[in-house]
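Each remark here refers to the structure printed beneath this line.
The values are calculated or read from the model by the stated rules, or taken from the named source; none is laboratory data. Here the structure is a predicted model, which means the values were calculated and not measured. Every residue, glycine among them, receives a Cβ derived from its backbone with ideal geometry; neighbour counts consider all protein chains shown.
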């Protein structure tokens, strides 16, 4: 069966599954330099063009499935009318969707809603939003391929953390209840009550900034205890028989209010408030998980973690380090970037009864061809060995565009800015050209078999979803990838998963003795990954672009040789005034 899954709201996307295999998944932000977290913004005509690239037409789709969402205003967006052809998105009225699924009450998450719209020729199904998180996590997990049961923890913005259990042989999801009554968006809302985030617009990328910023603060045990007492007092006032998402929202808001009052009363530095708050949430997640798992002691000890909160590498690592579970799985798209895949997986489980999705993280849009080159760039053939030599010699960032884009929010080597990590100033330079705050970390991409030499634990982590500590003897060798607290968000690479990136790292190690490079996303600030070389040229922030065996370099770089006065290069300029 061929299933097309669609996410309409923010992090809009379209995904195609054919007989249990993921054919592609296109997130709107990765098309045409769209803004991050874009809604579904392409016409049905464009949908047909994408399908045709993979040999499909709309009439070959057995089931169209749309991700659910509360308060969906169907008049806002309508792109599916195949009879209309316009330059911009079509506006067709009347699309109904399933609910968000806040999961504070028992709900069957694999029960779809069937809708018809007279303006389109096909009926469509819609599953609750939370359902897609559960199935995207489980169906992509190693547990599905091993035919094993698993717990699935979902903590998304509009719901408290909810624990499920998937029974493989019965093909059934059991709702085990919430862990505690705080909404996932709390991490953003809490930060927004304190400096420096109270001066910023409240948006989804704030969570990543907070996770980096807390390294500037200190965890105060007295503050953590205050948070626990406040949380417990508020929970004692809740009538558990009548819990709903409004109760969760009220409790969340009151917790933030009381925390800010405590901060002002005792004149506590905001960075310490934030660091201690993060630690409090980490402790309560683990504590409540342990209670739930103990109550279901006979269940298989596998865990999938999904929802926007599963992008928090510190929590992921803390859960993994408890040894409460045999194995922990976080997909590379735990947030809404995976919702189109997830809603299609719901239908795959229900209609096809296929549990394990055959998928690859590099299933996004291909690099678009570039014909219109800027006059200030030249192009030359360049092998991976030559690119490694350039990185080692020039010590400059290179935008690396190759093949199909990564799924999810992390750049994993196909839409990356790569750079040597051997000087502290490289982190400063990369943050400067990306327009990011100076406290933001830069991730390392490392040869898989070398990772445990440099990092602790240094385990295989191909999706940048866990925290690793840089070993003391390596901190001065690769300072650009060391965060303020001595950790790094590691991506490991092997030849099977990304042959091009792996070979580049091997060539670079042969020259430098260093088996890793800096890796940050290649994109305009606030937008998705660059779709083509021309977009990088328009951005105009690097001297070198590599794509499919070609090196695009600014004409001002006359010869690909070391400069006689390296202090004139961009790395040294970034260091001026330090």
Inset, instruction - Assess whether residue 381 counts as being within 20 Å of residue 501 (Cβ to Cβ), surrounded by fewer than 18 Cβ atoms within 10 Å (Cβ to Cβ) and touching a helix residue (DSSP H, G or I) at 6+ places or on another chain (Cβ under 6 Å). - result: no
Inset, instruction - For residue 206, indicate whether it is farther than 20 Å from residue 333 by Cα and either in contact with a helix residue (DSSP H, G or I) (Cβ under 6 Å, 6 or more places away or on another chain) or surrounded by fewer than 19 Cβ atoms within 10 Å (Cβ to Cβ) (or both). - result: no
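Name the one entry in 503, 485 that is surrounded by fewer than 24 Cβ atoms within 10 Å (Cβ to Cβ), part of a loop (DSSP other than H, G, I, E, B), out of contact with any strand residue (DSSP E or B) (no Cβ under 8 Å at 6 or more places or on another chain) and not assigned by TED's automatic domain parsing to the domain that holds residue 28.
Numbers: 503 fails: part of a loop (DSSP other than H, G, I, E, B).
From the options 503, 485, the qualifying one is 485.
Being more than 26 Å from residue 313 (Cα to Cα), at pLDDT 95 or above and surrounded by fewer than 20 Cβ atoms within 10 Å (Cβ to Cβ) is the requirement here; does residue 347 meet it?
Working: more than 26 Å from residue 313 (Cα to Cα): yes; at pLDDT 95 or above: yes; surrounded by fewer than 20 Cβ atoms within 10 Å (Cβ to Cβ): no.
Criteria not met by residue 347.
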Legend entry - Counted residues, region 444-459 - those being in contact with a strand residue (DSSP E or B) (Cβ under 7 Å, 6 or more places away or on another chain), touching a residue at least 24 places away in the same chain (Cβ under 8 Å) and farther than 17 Å from residue 391 by Cα: 5
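What is the residue count in region 157-174 for residues that are over 10 Å from residue 104 (Cα atoms) and in contact (Cβ under 8 Å) with a residue 24 or more places away in the chain?
Keep residues of region 157-174 that are over 10 Å from residue 104 (Cα atoms), which gives 157-158, 163-174.
The next check asks that each one be in contact (Cβ under 8 Å) with a residue 24 or more places away in the chain; those that pass are 157-158, 163-166, 168, 171-173.
Within region 157-174, residues that are over 10 Å from residue 104 (Cα atoms) and in contact (Cβ under 8 Å) with a residue 24 or more places away in the chain number 10.
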Inset, instruction - Give the residues of region 423-440 that are in contact with a helix residue (DSSP H, G or I) (Cβ under 7 Å, 6 or more places away or on another chain), in contact (Cβ under 8 Å) with a residue 60 or more places away in the chain and surrounded by fewer than 23 Cβ atoms within 10 Å (Cβ to Cβ), sorted by residue number. - result: 423, 425, 428, 432, 437, 439, 440
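Of all residues in region 303-319 being assigned to a helix (DSSP H, G or I) and in contact with a helix residue (DSSP H, G or I) (Cβ under 6 Å, 6 or more places away or on another chain), which is surrounded by the most Cβ atoms within 10 Å (Cβ to Cβ)?
Within region 303-319, the first condition is being assigned to a helix (DSSP H, G or I), and the residues that meet it are 308-311, 313-319.
Those left that are additionally in contact with a helix residue (DSSP H, G or I) (Cβ under 6 Å, 6 or more places away or on another chain): 315, 318.
Working: 315: 23, 318: 17.
If we take residues in region 303-319 being assigned to a helix (DSSP H, G or I) and in contact with a helix residue (DSSP H, G or I) (Cβ under 6 Å, 6 or more places away or on another chain), then 315 is surrounded by the most Cβ atoms within 10 Å (Cβ to Cβ).
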Legend entry - Unique residue being surrounded by fewer than 18 Cβ atoms within 10 Å (Cβ to Cβ) and in contact with a helix residue (DSSP H, G or I) (Cβ under 8 Å, 6 or more places away or on another chain) when the list is 262, 278, 266, 270: 262
Inset, instruction - Check residue 300 against each of (1) assigned to a helix (DSSP H, G or I); (2) out of contact with any helix residue (DSSP H, G or I) (no Cβ under 7 Å at 6 or more places or on another chain) and name the one condition it does not meet. - result: (1)
Inset, instruction - Please give the number of the condition residue 297 fails out of (1) surrounded by fewer than 19 Cβ atoms within 10 Å (Cβ to Cβ); (2) out of contact with any strand residue (DSSP E or B) (no Cβ under 7 Å at 6 or more places or on another chain); (3) under 25 Å from residue 332 (Cβ atoms). - result: (3)
